[in-house]
1. Check each of the GluC sites (Glu not before Pro) in the chain and keep only those in coil by DSSP with at most 11 other C-beta atoms within 10 angstrom; list them in order.
2. Measuring with a 1.4 Å probe in the full set of protein chains, what accessible area per residue, in whole Å², belongs to the chain?
3. Which one, (i) 44, 12, 11; (ii) 37, 18, 14; (iii) 81, 13, 7, gives Cα extents along the principal axes in Å as derived from the coordinates shown?
4. Using only Cα atoms, find the angle between the long axis of helix 3-55 and the longest principal axis of the chain, and express it within 0 to 90 degrees, rounded to the nearest 10.
5. For the chain, what is the mean residue ellipticity at 222 nm derived from helices alone (per DSSP H run of n ≥ 4: -39500 (n - 2.57); sum divided by total residues; nearest 500 deg cm²/dmol)?
6. Using only protein heavy atoms and a 1.4 Å probe, report how much of I6 is accessible, in Å² to the nearest 10.
7. Subtract the Cα-Cα distance of Q4 and Y32 from 0.36 nm times their separation in residues, and report this length gain in nm to one decimal.
8. When the chain is fully extended, how far beyond the present Cα-Cα distance does Y25 get from A40, taking 0.36 nm per residue of separation?
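The values are calculated or read from the model by the stated rules, or taken from the named source; none is laboratory data. Predicted model, so just to flag it, every value in this text is computed and none were measured. Positions of Cβ are generated from backbone atoms using ideal geometry, with glycine treated the same way; all protein chains shown enter the neighbour counts. Just the protein is used for accessible areas: all its heavy atoms, side chains included, with ligands, DNA and RNA removed. Shrake-Rupley method; radii C 1.70, N 1.55, O 1.52, S 1.80 Å.
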Amino acid sequence: MEWQIIVALVVAIPIILFPVAFVWYLNAGGIYTAVKEARARRVAREKDAKERIKVK
């Protein structure tokens, strides 16, 4: 391969991969947030259920 092709690849690959990595990061962050909120809702629901049992 000639050096021009190698330089073009070195420049083009990060330009192509950056948006892919950014979208993956956003998706992973969204999934993490959804799991965290679901876990908090579950804990709140269980706490509420325990309080109801104690009242009776």
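1. Hits after loop and neighbour filter: E2.
2. 100
3. After the calculation, the listed value that fits is (iii).
4. It is inclined by approximately 0 degrees.
5. Helices in the chain give a 222 nm mean residue ellipticity of -35500 deg cm²/dmol.
6. 80
7. Value of the extension gain: 5.9 nm.
8. 3.2 nm
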